[in-house]
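Undergrad: Input: one structure, supplied below.
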Amino acid sequence: MTSEQIEVTYKATTPLFCGGSTSDITEIRVSSIKGMLRWWWRALAWPRYEGSEADKLHAIHHDEAELFGSAVRGQSKVILRLLPPTVTPTTLRVGDTLSLDGKAVREGARYLGYGVMVAFDNVDKQIKAGQLTRPCLQAPLEIALELRTRDLEPRQHALLVDAVKALGLLGGLGARSRKGYGSLVLQAISQGNSARWAAPASVDALVTEIVRLLPSAAPSSPIPPYTALSARTRILLVPGREGQPPLELLDLVGRELMRYRSWGHNGKVLGFDREEKFKDDHDLMKLPPEQRRAHPRRIVFGLPHNYSKKPGDQVGPGEDGDRRASPLLIHLHHCGTTPVAVLSFLPARFLSKGDEATIQVGSAKAGGRRIPIARDPALWKPIDDFLARVLDPRRKDVFGAAREVPR
């Protein structure tokens, strides 16, 4: 039997909403980290396997179970252990306010934190914007892991190490991790007393590390059947200013997304005239449910979403499950003292039935109907347009010049 021990260090750059044994506890759990390593392992695996879609799916499922364990394949070949933290992390509890520079986080950070914090003041209920509805661990905090592997073939070992890197270059941990919360930044990979990997100290070095993870598949390759890296993956880097808190940069990205997506109130979004990029979505959802013959274009940012509290104004995946996570992932990295927002667009089959899938626009009881999903690639245009907006230096919020990772 061959074995290896690797130590990995991550740093969380944004508040981490990771569930504990009860709803009022937040803690870092080995099972949560292992689950995210499996997710990134699958995301990296798709372009590295060959054959038909069915053959690739079967092989990936088999190899994942063999590496990480399953009821059929037995114990995992990878054992994870959390190492004691050097500093005890600070916990914010339900009702505490997530703040930055002594003030509640701004609208963009709250927008990306829907579900874990209050978005707007509610004077009647004496609830203030930024108050947490779930506890979190404050950033920055260090997470040190020990990985013990056994009997890994070179290919298995390489893909596992790349999953470790992908989690710390593109991903995060806990609730709202796709929206930038719980971002994990890989600091080091070491074996014994020898360093095997060091964190990129510049944006150029970060680009180099990300490029090493990207597939070289031809652009004509079919879209993946699940969220994975592919030839159509797009990754943008948005640097902030030196010394800027990552949470502040996350807020700026959230504000830009709000201006792009939102209808606003009284014709305004964040004090600016609304842009009405999705006026057709707004007009569609103002129709009586039985008159809707299309679905909102914004479904591509994830489902379900609601246009009001009325059942008839809810949009969901139809018969294909109850949700579809966003294919646009936000990660807050650190290069030296400069924060960098990493936006990863991983287009994949939006729902399992592909072009035959339907979207449920409104509750069936309220006269809603199933609408055929838009076809690829037109379906993805709203996200591609948002990425083009981020790359445009004329955007309303000022941060560093964005750049796209080359393919």
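The values are calculated or read from the model by the stated rules, or taken from the named source; none is laboratory data. Small disclaimer: the values here were computed from a predicted structure and weren't measured. Positions of Cβ are backbone-derived with ideal geometry, glycine not excepted, and every protein chain shown enters the neighbour counts.
Undergrad: I'd like to know if the range 248-258 contains one or more residues that are without any contact (Cβ under 8 Å) to a residue 60 or more places away in the chain and touching a strand residue (DSSP E or B) at 6+ places or on another chain (Cβ under 6 Å).
TA: No, the range 248-258 has no match at all.
Undergrad: Of (1) of a type in the set (Gly, Ala, Ser); (2) surrounded by fewer than 18 Cβ atoms within 10 Å (Cβ to Cβ); (3) more than 25 Å from residue 47 (Cβ to Cβ), residue 158 satisfies all except one. Which?
TA: If we test residue 158 against (1) of a type in the set (Gly, Ala, Ser); (2) surrounded by fewer than 18 Cβ atoms within 10 Å (Cβ to Cβ); (3) more than 25 Å from residue 47 (Cβ to Cβ), just (3) comes out false.
Undergrad: Of everything in the range 274-325 that's among the polar types (S, T, N, Q) and touching a strand residue (DSSP E or B) at 6+ places or on another chain (Cβ under 8 Å), which residue is surrounded by the fewest Cβ atoms within 10 Å (Cβ to Cβ)?
TA: 306
Undergrad: Can you name the residue in the range 81-119 that is touching a helix residue (DSSP H, G or I) at 6+ places or on another chain (Cβ under 7 Å) and without any contact (Cβ under 8 Å) to a residue 40 or more places away in the chain and is also farthest from residue 180 (Cα to Cα) among such residues?
TA: Only one residue fits best here, namely 119.
Undergrad: Being at pLDDT 95 or above, out of contact with any Lys or Arg (no Cβ under 9 Å at 6 or more places or on another chain) and small (Gly, Ala, Ser) is true for just one of 228, 166, 195, 218. Which residue is that?
TA: Being at pLDDT 95 or above, out of contact with any Lys or Arg (no Cβ under 9 Å at 6 or more places or on another chain) and small (Gly, Ala, Ser) holds for just one of 228, 166, 195, 218, which is 166.
Undergrad: Could you check the range 331-407 for strands (runs of 3 or more DSSP E) lying wholly inside it with 2 or more residues that are in contact (Cβ under 8 Å) with a residue 60 or more places away in the chain and among the hydrophobic types (A, V, I, L, M, F, W, C)?
TA: Working: elements: 338-345, 358-361, 369-372.
Fully inside the range 331-407 and qualifying: 338-345, 358-361.
Undergrad: Is it the case, given these coordinates, that residue 60 is in a strand (DSSP E or B) and in the same structural domain as residue 169 (by TED's automatic domain parsing)?
TA: Judged against the criteria, residue 60 is not a match.
Undergrad: Just a yes or no: is a residue in the range 315-330 among the basic types (Lys, Arg), out of contact with any Lys or Arg (no Cβ under 7 Å at 6 or more places or on another chain) and farther than 20 Å from residue 176 by Cα?
TA: Residues of the range 315-330 among the basic types (Lys, Arg): 323-324.
Next cut, out of contact with any Lys or Arg (no Cβ under 7 Å at 6 or more places or on another chain) only: 323-324.
Next cut, farther than 20 Å from residue 176 by Cα only: none.
No: the range 315-330 contains no residue that is among the basic types (Lys, Arg), out of contact with any Lys or Arg (no Cβ under 7 Å at 6 or more places or on another chain) and farther than 20 Å from residue 176 by Cα.
Undergrad: Here's something else I'd like to know. Restricting attention to the range 259-276, which residues are in contact (Cβ under 8 Å) with a residue 24 or more places away in the chain and part of a loop (DSSP other than H, G, I, E, B)?
TA: Listed by number, the list holds a single entry, 270.
Undergrad: Next question, about the same structure. Which residues, taken from the range 94-123, are within 16 Å of residue 16 (Cβ to Cβ), of a type in the set (A, V, I, L, M, F, W, C) and part of a loop (DSSP other than H, G, I, E, B)?
TA: Residues satisfying the conditions are 94, 98, 105, 116.
Yes/no per residue for (1) within 30 Å of residue 207 (Cβ to Cβ); (2) under 19 Å from the mean Cα position of the chain (by Cα):
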position: 295; (1), (2): no, no
position: 330; (1), (2): yes, yes
position: 334; (1), (2): yes, yes
position: 351; (1), (2): no, yes
position: 360; (1), (2): no, no
position: 370; (1), (2): no, no
position: 391; (1), (2): yes, no
position: 406; (1), (2): yes, no
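Undergrad: Another question, if that's okay. Would you confirm whether or not the range 36-56 contains a residue that is in contact with a strand residue (DSSP E or B) (Cβ under 9 Å, 6 or more places away or on another chain), assigned to a helix (DSSP H, G or I) and touching a residue at least 60 places away in the same chain (Cβ under 8 Å)?
TA: yes
Undergrad: Is it the case that residue 255 is touching a Gly at 6+ places or on another chain (Cβ under 9 Å), assigned to a loop (DSSP other than H, G, I, E, B), within 21 Å of residue 106 (Cβ to Cβ) and not small (Gly, Ala, Ser)?
TA: no
Undergrad: When the range 334-364 is examined, which residues are found to be among the β-branched types (Val, Ile, Thr) and under 21 Å from residue 381 (Cβ atoms)?
TA: 358, 359, 361
Undergrad: Further question on the same structure: Could you figure out which of (1) modelled with pLDDT of 95 or more; (2) surrounded by fewer than 13 Cβ atoms within 10 Å (Cβ to Cβ) isn't true of residue 137?
TA: If we test residue 137 against (1) modelled with pLDDT of 95 or more; (2) surrounded by fewer than 13 Cβ atoms within 10 Å (Cβ to Cβ), just (2) comes out false.
Undergrad: Among what's in the range 227-245 and is part of a loop (DSSP other than H, G, I, E, B) and in contact with a helix residue (DSSP H, G or I) (Cβ under 7 Å, 6 or more places away or on another chain), pick the residue that is nearest to residue 389 (Cα to Cα). Let's see the steps before the verdict.
TA: Step one: of the range 227-245, the residues part of a loop (DSSP other than H, G, I, E, B) are 227-233, 240-245.
The next check asks that each one be in contact with a helix residue (DSSP H, G or I) (Cβ under 7 Å, 6 or more places away or on another chain); those that pass are 227-230, 240.
On the way: 227: 23, 228: 24, 229: 22, 230: 22, 240: 16 Å.
It comes out as 240.
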